[in-house]
1. Can you list the chymotrypsin sites (Phe, Trp or Tyr not before Pro) in the stretch 1-68 that are in a DSSP coil and have 10 or fewer other beta carbons within 10 angstrom?
2. Using θ = phi - 60° and the Karplus form 6.51 cos²θ - 1.76 cosθ + 1.60, what ³J(HN,Hα) does each residue of the stretch 85-101 get, whole Hz, x for Gly and Pro?
3. Which whole-Hz couplings ³J(HN,Hα) result when phi for each residue of the stretch 130-136 is put into the Karplus expression 6.51 cos²θ - 1.76 cosθ + 1.60, θ = phi - 60°, listed in order with x for Gly and Pro?
4. Quick check: net charge around residue 133, other residues with Cβ under 15 Å of its Cβ, Lys/Arg +1 and Asp/Glu -1?
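Read the figures in this text as sums done on the coordinates, not as results from a lab. This structure is a prediction, so every number in the text was calculated from the model and none was measured. Glycine also receives a Cβ, built like all others from the backbone with ideal geometry; neighbour counts cover every protein chain displayed.
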Amino acid sequence: LISPIVEACPFENKAGVMSLLHSFYCWGSVGVILGSTVFFAVFGVENWRILALCWALLPVTVGILFLFAPVNHLIQEGERGMRWQELGKNRLFWVMILMMLCAGASELSVSQWASAFAEKGGVLGEKAADLSTVFELYNAMLEKSYLDPLTDIKRACDILLENDFFSETPVFIDNFTG
């Protein structure tokens, strides 16, 4: 929702600003976690209502400041944009809104689940081992179906270590393309 607004703002380096925009979710999460942690350390967890009010005031303040931000019109002179009534009747628009809501809800659910999962401790190590096993199986399947020139060097080194033909002889292996 914010990308078209940023596109309409009068910036010279739109690509850089857009990249910065897409990193704000991560930085915002880190800021909320750090800010909440400091607040709870200073004022105590029992004052969570005050913290919730402070976090609620942030988007309201940004919204008010946005009312005064200069925004260019993306519609050329003489063209007519889509009216709210037309947009409301567009089924694709509502499908996209539903998809964004579901994506946001699932992202928040996973992030909350991940932190609760990590707090349990021992389970995380088991799951990491499971992921490692899956990754090893994936690599084994990939080696059989796809040969990467860089893995040829590794295979050559493995063969040299397994055989005594070049024992006590320095062997240099290099790879280059071009």
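1. Answer by residue number: 68.
2. Result, ordered by residue: 5, 5, 5, x, 8, 7, 5, 4, 4, 5, 5, 5, 4, 4, 5, 5, 5 Hz.
3. So the Karplus estimates, Gly and Pro as x, are 4, 5, 5, 5, 4, 5, 5 Hz.
4. That sum, taken over residues with Cβ under 15 Å, equals -2.
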